[in-house]
Amino acid sequence: MTRVTESLSSQLPDTFDQAFARVEDSFEETATRIKESDAADNARRIAAVVATATARGAGQIGLFLGRQSAVLAKKGVECAKALPAKSAARAEREPKPRGRKRIGLFVIAGVAVIGGAVFYKSRHREHPPVASAPPRVDEQTA
């Protein structure tokens, strides 16, 4: 063996349990260092400030929108009260022209469907039949 392989073999653990224990110890040391570091404290503090600001902002937006919707609802009620309502007797006497509207709607829908079908057929034509043999350049037919 060379010096490099000897030094490497002396540094490698003998069993998996030893390797696992070594990794676990180094992980615990790193975790405690991170927990005690100033950067981690600053990151936690900044995250708390951001979360608080976000929650406050969302609450304020919700409160603002709630107030605005209440104001708009009051205006809508006042506007509805200001409009004159039809009397019940007058509403009963007026004939309801539903039949003509329905017929017109069905005619327009039918025309649209027929037009769509014609357009579809005009765009999707059948392909020409496949030739029995490919064309030739040197073929001299008169």
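The numbers here are math on the coordinates, done by the rules we state, and not lab data. Computed from a predicted structure; not experimentally measured. Every residue, glycine as well, gets a Cβ built from its backbone with ideal geometry; the counts of neighbours run over all protein chains shown.
Note on residue 61 and residue 132: their simple-model spin labels are 7.4 nm apart, each label 7 Å out from Cα toward Cβ.
Shown is the FRET efficiency for residue 51 and residue 125, computed with R0 = 41 Å from the Cβ-Cβ distance and rounded to the nearest 0.05: 0.05.
Charge tally around residue 29: other residues with Cβ under 14 Å, Lys/Arg +1 each, Asp/Glu -1 each, net -1.
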